[in-house]
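Here is the structure we will look at.
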Amino acid sequence: MRILILNFNLKGIGTYQRSFYFSRELARHGHDVTMVTVSRRYKYRHKVYFKRDWIGEYEQPIGEGPWVRMIEAPNLGYKWFPGHGGGPLDIGLRIAEIHKGNFDVVYGFEHNPNVAWPVYVTRPFKRYRFYSDWCDLHGGVGYRFRGCKLIDKMDGFFEERIRMVAHKVTTNSSLIRQRAIQIGVSPERVIFIPQGSDPDYVKPVDSKLVRQRYGLPLNAPLLGMRSDTYWRETLEIFKEILKHVPDTCLLIVGQRQVGLREYADQLGIARNIIETGWVSDEDYPLYLASADVLLFIMKNDLFDLGRWPGTIGDFLATGRPIVVTNVGDAAAFIKKHNAGLVVNDLEEMTTQIVCLLGNDEARRFYGEQARKAAVIHLDWKVLGGLINQVVED
């Protein structure tokens, strides 16, 4: 089948990960797949290339696939609408692609204008089946538009409306699955597919070699986290960890967050904080694997209950022990497979991290369990059969 994947995000960010791996696995099962995302670089023009792995772009397919034809749409106006994805050149390009593409399936990832509007415009004239992936709660939950409740409600309406026109809805959240059924999508049309992992991209490495390469502390205990996850709370528990293991450093991977360094100064822990800033796709998995322990905080609210962050799969694939709060399907998966430590609050997280830092055998055990869970249960190649079944049934 000819399949078009519509991703609302900028390339490499957020739902792009899930969109790309769905695309690749559908291509692996013999489908002709095109994926449209939004360029981080180009404002007025688009770019077309081919891709088969997370790293690498090719003008034409070279060698064995699975190959996905990629289109980066212009980013002009990307942030004009709540939740983003409102660029007129982007939306126009997608409408044109559907019109000329003769696709059997159009698969939209989320409800944003550059996903929904091309579908609404073309469905009356083109014969394709539309599928929808719903992996975050947006309207008034994940995104709030300048405190305007009316716009939040409108966003929430459109977020739910697009699911009603879908042949099937996929999700990585039990909460969202329940919500889809509540709004009228029949249960047999709502398919749970967990957030996967790419253990060929993120691998265990010799942490000392990586630390030498990037100038990280060679002998100090090293905690790792992503910069886009509750950094205030993380700094506060890190302050408590330092009372027990004072030479520990906190490695914060990703774009620098406004106010983070200042807050670390206030807490008196700035000297133990290492911020990488934005890192390349090549460097990202190495930074993660350099840590002794990885931590991920989620809150017991609708936003976090309704998502399975792709970062969790990255953490598991490193073969490093992971400590997470007991929220959502990702935590349930980790607990089921003994792939890390699941804690009920931040005080318990502090205690467990301190214990792990002092116990080499426990770190080795949970690291091995994490990698095993990523390879056996979450590898996108393993999930590929389920993804293909969605569009072929």
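All of the numbers you see were taken from the coordinates with simple rules; none came from a lab. Nothing here was measured: the structure is a model prediction, and the numbers come from that model. Backbone-built Cβ (ideal geometry, glycine too); neighbour counts: all protein chains shown.
Restricting the chymotrypsin sites (Phe, Trp or Tyr not before Pro) of the stretch 29-64 to loop positions (DSSP other than H, G, I, E, B) with no more than 14 neighbouring Cβ atoms within 10 Å leaves Tyr44. Per-residue ellipticity at 222 nm from helix content only, as computed over the chain with -39500 (n - 2.57) for each DSSP H run of at least four residues, stands at -12000 deg cm²/dmol. Here the extension length gained between Asp301 and Arg271 equals 7.5 nm, from 0.36 nm per residue of separation less the Cα-Cα distance. In the chain, if every C-alpha pair distance is counted and binned at 10 Å from zero, what percent goes to each bin? Once binned at 10 Å, the Cα pair distances of the chain give 5, 22, 32, 25, 13, 3, 0.
The base-10 log of I(q)/I(0) for the stretch 258-393, evaluated at q = 0.11, 0.12, 0.22 Å⁻¹, reads -0.47, -0.56, -1.44 [Debye formula, identical scatterers on Cα atoms, solvent excluded].
Within the chain, what is the longest stretch that has no trypsin sites (Lys or Arg not before Pro) placed in a DSSP loop and near at most 16 other beta-carbon atoms within 10 Å? Maximal segment without exposed cleavage sites: 147-255.
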